[in-house]
Every structure is written in C-alpha cells, then in structure tokens.
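Here, each number is a calculation from the coordinates, and none is a lab measurement. The shown structure was predicted, so the numbers you read here are calculated from the model rather than taken from an experiment. Here the Cβ positions follow ideal geometry from the backbone for every residue, glycine too, while neighbour counts run over all protein chains shown.
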C-alpha cells in the first residue's frame, strides 16, 4: 500500500478546517455563541459526536507477505532394484513403508527397508576366506571330495590315478619329495602331523625335522591306512599342507580330467568377521526392530557370532534366505520412512540392478513454494509461517528447506522452498492442494498507531492527523508515519497521546 495520502483529500480537510473557523469569526452575538458551543443547555448534542473519529491506540503491528503454495508430498529419489530377476511384488501407490517393511520382492526374495545413512555396498557377515588349491601331482582325476565337504587333517581331498591326495597341517607348502635323510621344516611338520593323527603313541620319533628310520616307519603305516603306495616316502603332490580345516566350495576339475600342478578347487578357510560403519548401521537397525539375540548382540560394528544369530532370525522372520549374510541389493537403506507415490515397474517385469522400481515422496505433507527471485531474501530456513488451507483453516509451519539454486521457467527465476506443518493431521486427505503461505516480514511492537485514513498530507510537506478536542473543535498535530499494517499506521509525535481521537473520513 502506498505511504502517500491523496493530496486532494488533504486539501478538502484543510478547507473543512478553515470553513469551521471562518463562520465563527464572522458571526456576532448569539449565532457566534451557538457555533462555539456555548451555553449550558443540557439537551445540546455533544459537538464531537457528529465527527467520524477513531481512537489513537498503542498496539503491535505486523506486516504479512503472502505467497502461493502447494500442499502435497515432496518428491524423493526413486528406489532401484539391486538384484536381477522377476519382480513378484511391490508396495502399492500411496502406502507408507516404515523400517522393516517390505518394499518389493524379486524372485520371491523380499527386499526390506532399513533406516541409516550408509548403503550396503558389500557382503556383511562371517565371510569365509576364499582360496584356490593346487596339487603338484600329475595324472587322471579318479575321485573328488563332494563340494561343501569340511576337510580336516588326515582327510582325502581327491584321488589321482586312484592314489590319494591327503590334507595335512603345516605352514610350509609341499615342494619336494620327503624321504630318508632329508631334513627341514617340511619334514618337521610332517612328523607333527603323524603324531597328531595317532602314529608314534610311544614317542619313539624325534620331532627334529630329520627324516629318520622312525619317521619312515610311521609314514609307511599311514600310507597303508589311507590307501597310498606304502613305500615310506612322501612323493610331491601326495599331501597338501594347509594351516587349518577348510570347506570345498567349488571344483575346477572333474573326474576324468587330466591334472598337472594346476588349480583344482576353490575352498573356504576360517571365516573372517566384517567390520565397519555399514555393519554398525545394520546392527542398530535390527536392534530397533527387536532382534538382539536376547541382549547378547552389542551394536559395535563387528559382525560376530551374535550378529549372525540376529541376522538369521531376522531373515527367517521376513521369509528370505537365512544364510546370515547381508549383501548388496538385499536391503534398501534410507534415512526414514518413505511414501510410495507410484510404481515404476509392475509385478512380472524383469529387473536388474539400477532398474527403477518405485517412485517415492516424503511420508508427511509439506508445502512447496516457488519463491520469486525478487523475494529471495524474505524467507529463510527456520522461519515461522502460517499456512491457510483451502477451507480457511490456519496451520503453523516452519521453513525446512530453501534451494540455493534458482529454477528458471516462463514466469521467471524462482527458488524452491519447503515448509513442514506443525500439525500434519490438518492436511489429511489433501494432495496437490493450493494454499496461501503468510510470512511476517516486518513488525513493530507497542507503538502508537492511528488508522491509515487519518493521515493528512500537508501542503508544505509532511503529515498530520486531525485531533478532535472534547468541545468538538479539531486541530492538526504533526506526525511522522512509520510502519503500515492491518489498516493502521505507526506514528511518532510529541503531542499525540493514546486515547486521543482523530478524524477519519
């Protein structure tokens, strides 16, 4: 609203003031006495009562700027598949999925939502160390231990030309034939293995790394027991020295294959716990869902046996493969609950990693304002506002986000602003609804104020108000206007007092 009054109206007010004075000066006797309001007639009307006036008040003034907004759900990033297969189920449009809820199912494996700030980028669990085994023996493979077998010291790994390749413990790989008069660490670990397997119960063999008569005797007995040539010497490739038990994961040869010192199998040795922030986020999420192995799991970022127990219990609960390992694509990690705004892929579709499956939005209503660039400085994050809903209901809210980058469209440059409602229930059932956003852009507390229409623009410059005296006369008082709001204007005056009445047209 303009801060300048209508000069023509001001002129009329000045003439009205003069016309009040001139007749008083011109008329003598009774006429003048009546105009001046003299006399003690109790039935005479109050001269001030016939003048339209308003009281000078002390009040708080607030300047409110309105912006157009849209009440709905803030659009989020799409959720993509991390597995390949057939999409067998997906959350429905409009549903809100919270932590532990299932977002979609691929090949009958559910993919749940967990809360956190880290993504699942690797397998987490008690992960076995995968290694490749080779044998130095040449010939035709005639037998293989079944895949998945756990082999310990003394077990047969495979048979080549129907001769066994036996697992023994030792840190030194087999690299030569072991026989009488040979010495070394490889001989010492052979002797220790024979003792561990029950040979030399009377302690007749010195464990000194020297292949002597007793060593040869016990090697011969051992060879007879495992079905090897009982020649008292250990040929290269006849044993496989490893540090600990292992599980056969996968054979790279078949029965009937020819081997000659090449790799024959991949095996798993002792498992190694995964550690890190992603493990901690998984443990914390499962604990929130009530899985803590009876309180034995402590979220510490180390995937130990208690964590594995919790993961297996959780996997069993949701109906996925209960292997105790959580890998990429098996869960979706987001900061909080998510609202499904649309299905981007329908059940039956083939998905691969990075296939967009679900479109998302915030799970609670927000107001979006396209703030014109000219008003960019008026609204900041944290500002309190009032949202006027389509039914005129007013709801308080807070600016939660203001874009730092402008979007340029046909209407000009704007900055996206998001506002959260204090009471989200007030927006129930509303989506993409037009609303008004009221923002206090200026305020003045406990100031002297008069109606804006009481201002009189003076010919010599400045402003005044026309004060009504108790006797009905009026006089001008100079004022300095300040803030305008709600039909009132702040005025500064050395003369004007609260309770005074001023003329209003």
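Would you list 246, 67 from fewest to most Cβ contacts within 10 Å?
On the way: 246 25, 67 20.
The fewest-first ordering by Cβ neighbours comes to 67, 246.
Evaluate Rg over Rh across the range 101-169, taking Cα atoms for both radii and Kirkwood's formula for Rh.
Reported Rg/Rh (Cα atoms, Kirkwood Rh): 1.26.
Let me know the volume per residue of the alpha-carbon convex hull for the range 366-505, in Å³.
189
By how many degrees, between 0 and 90 and to the nearest 10, does the Cα long axis of helix 213-226 differ from the longest principal axis of the chain?
70
From zero outward in steps of 5 Å, how is the percent of C-alpha pairs of the range 217-304 spread across the bins?
3, 10, 12, 11, 11, 12, 8, 6, 7, 9, 8, 3, 1
Work out, in µm²/s and without decimals, the Stokes-Einstein translational diffusion coefficient of the range 369-424 at 20 °C, 1.002 mPa s, Rh from Kirkwood over C-alpha pairs.
178
Using 1/(1 + (r/R0)^6) with R0 = 22 angstrom and r between the beta carbons of residue 57 and residue 504, what's the FRET efficiency to the nearest 0.05?
0.95
What's the exposure ranking of 309, 392, going from fewest to most Cβ atoms within 10 Å?
Ascending number of Cβ neighbours within 10 Å: 392, 309.
Hey, any idea what the orientation-averaged projected area of the convex hull of the range 76-212's Cα atoms comes to, in nm²?
So the mean shadow area of the Cα hull is 15.2 nm².
May I ask for the Kirkwood hydrodynamic radius of the range 127-271, worked out over all distinct Cα pairs and given in angstroms to one decimal?
Details: mean 1/r = 0.0648 Å⁻¹.
Evaluated over the range 127-271, this radius sits at 15.4 Å.
In angstroms, what radius of gyration and Dmax does the range 242-383 have, counting Cα atoms only?
Looking at the range 242-383, its Cα Rg and Dmax stand at 24.1, 82 Å.
Semi-axes of the equivalent ellipsoid for the chain, please: Cα gyration tensor eigenvalues, times 5, square-rooted, ordered largest first, whole Å.
In descending order the semi-axes read 99, 22, 18 Å.
According to the Cα gyration tensor, what semi-axes, each the square root of 5 times an eigenvalue, does the equivalent ellipsoid of the range 299-453 have, listed from largest to smallest in whole Å?
46, 20, 17
Per residue, how big is the convex hull around the C-alpha atoms of the range 290-368? Give it to me in cubic angstrom, could you?
Spelled out: Cα convex hull of the range 290-368, divided by residues, is 159 Å³.
Run the numbers on the range 127-271 and let me know its relative contact order in percent, using alpha-carbon pairs under 8 Å that are six or more apart.
Numbers: 319 pairs, mean separation 58.0, N = 145.
RCO, the range 127-271: 40 percent.
Tell me the relative contact order for the chain as a rounded percent, counting alpha carbon contacts under 8 Å between residues six or more apart.
That works out to 26 percent.
Between the range 59-94 and the range 437-499, how far is it from one alpha carbon centroid to the other, in angstrom?
47
Would you mind ranking 121, 214, 143, 251 by Cβ crowding within 10 Å, fewest neighbours first? Can you show the working numbers first?
Details: 121 10, 214 16, 143 13, 251 19.
Starting with the residue having the fewest Cβ neighbours, the order is 121, 143, 214, 251.
How much mean residue ellipticity at 222 nm does the chain get from its helices, if each DSSP H run of length 4 or more adds -39500 (n - 2.57) and you divide by all residues, to the nearest 500 deg cm²/dmol?
When only DSSP H runs of four or more count, the value is -5000 deg cm²/dmol.
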